[in-house]
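J.: Below: one structure in structure tokens.
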Amino acid sequence: MNAGERGGKRLFMALLLALGAVLAGVGAVLWLLPRWFAGAEAWLPTLLGALFGGIALLAWAGIAILVFAFLFERDLPGTRRLRGLLVKGVFPALVAVARLFGIPKRQVERSYIAVNNQLVLRSGCKAPPERVLILLPHCLQVDTCSVRITGDVHNCRGCGRCPIAGLVEIGDRRGIHLSVATGGTIARRIIVEQRPQVILAVACERDLTSGIQDAHPLPVYGILNRRPQGPCRNTEVDLSEVERGLALISRGAVVRPAPSPAAVSGER
Ligand code: SF4
């Protein structure tokens, strides 16, 4: 785990704890509030108190399991199921809590992706190369390139002006399918067609976060792109991070030798 991932995990835990405190506070107020009204029926405060107390307790139990898993890198019963709750339910609440502390949404998204990756790896989701899908954003292709790679990424001529050439080489060497998606709808169609068991996706914070949520329960290992020219234009990705991610999620990979430099730079 690199420093960025550790920092992301820490922020996520801190936000989870803050969310727990907010929930406990709301639960306590809701428990006490009806009792402050002298005219309230006796059963009503008890029912409301039990209801909100129960919700707060459940939320705290979930938070405690996740914090334990993150701190000690060990799963308690229910940790895997909590990934669903984390993916679908907890993230918007964490963004709201982060806003209270002035933490930007992008930072929360980064921490969410780091924690999601940890949970994906710990779920033991390694798949054979033919059931792994590398999903790439179109903005990785340099905007002066006229080759159409959205239908078939192998149309790339391997000139090396953008990361697509290296990504195609990695995919071919490992026997893993690559697709380029121009948006969420296309990405969903590719997933339906390819039927992967696990996805390695490259994108920005926002697209990775929504992609992880959309694809759930399919596990998505996310890698952030770099944007030296701003969003959605001539973006980059660290190929060694892609190799590292694939080594973690793909079983029995590295099936073909790397092609010679002459073959990579030659026309396909
Ligand atoms: S590597 Fe070259 S040919 Fe391939 S997509 Fe990038 S610019 Fe186009």
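The values are calculated or read from the model by the stated rules, or taken from the named source; none is laboratory data. Everything numeric here is computed off the predicted structure, so don't read it as measured data. So basically every Cβ, Gly included, is an ideal-geometry build from the backbone, and we count neighbours across all protein chains shown.
J.: When you look at Ile212, is it among the aliphatic types (A, V, I, L, M) and farther than 18 Å from Gln141 by Cα, yes or no?
T.: Against the criterion (among the aliphatic types (A, V, I, L, M) and farther than 18 Å from Gln141 by Cα), Ile212 qualifies.
J.: Right, next: Which condition number in (1) near the ligand (Cβ under 8 Å from one of its atoms); (2) buried (at least 20 other Cβ atoms within 10 Å of the Cβ); (3) among the hydroxyl-bearing types (Ser, Thr, Tyr) is the one that Thr144 fails?
T.: Of (1) near the ligand (Cβ under 8 Å from one of its atoms); (2) buried (at least 20 other Cβ atoms within 10 Å of the Cβ); (3) among the hydroxyl-bearing types (Ser, Thr, Tyr), only one is false for Thr144: (2).
J.: Say whether the condition of being over 22 Å from Arg106 (Cβ atoms), in contact with a helix residue (DSSP H, G or I) (Cβ under 6 Å, 6 or more places away or on another chain) and either more than 16 Å from the ligand (Cβ to nearest atom) or in the same structural domain as Leu248 (by TED's automatic domain parsing) (or both) is met by at least one residue in segment 197-211.
T.: Yes, segment 197-211 contains at least one residue that is over 22 Å from Arg106 (Cβ atoms), in contact with a helix residue (DSSP H, G or I) (Cβ under 6 Å, 6 or more places away or on another chain) and either more than 16 Å from the ligand (Cβ to nearest atom) or in the same structural domain as Leu248 (by TED's automatic domain parsing) (or both).
J.: Within segment 151-177, restricting attention to residues that are free of Cβ contacts under 8 Å to residues at least 60 places away in the same chain and either crowded, with 16+ Cβ neighbours inside 10 Å or on the phi > 0 side of the Ramachandran plot (or both), which residue is farthest from the ligand (Cβ to nearest atom)?
T.: His177
J.: Applying the selection to segment 188-206, what residues are outside any strand (DSSP E or B), in contact with a Leu (Cβ under 8 Å, 6 or more places away or on another chain) and of a type in the set (A, V, I, L, M, F, W, C)?
T.: Residues satisfying the conditions are Ile190, Ile191, Cys204.
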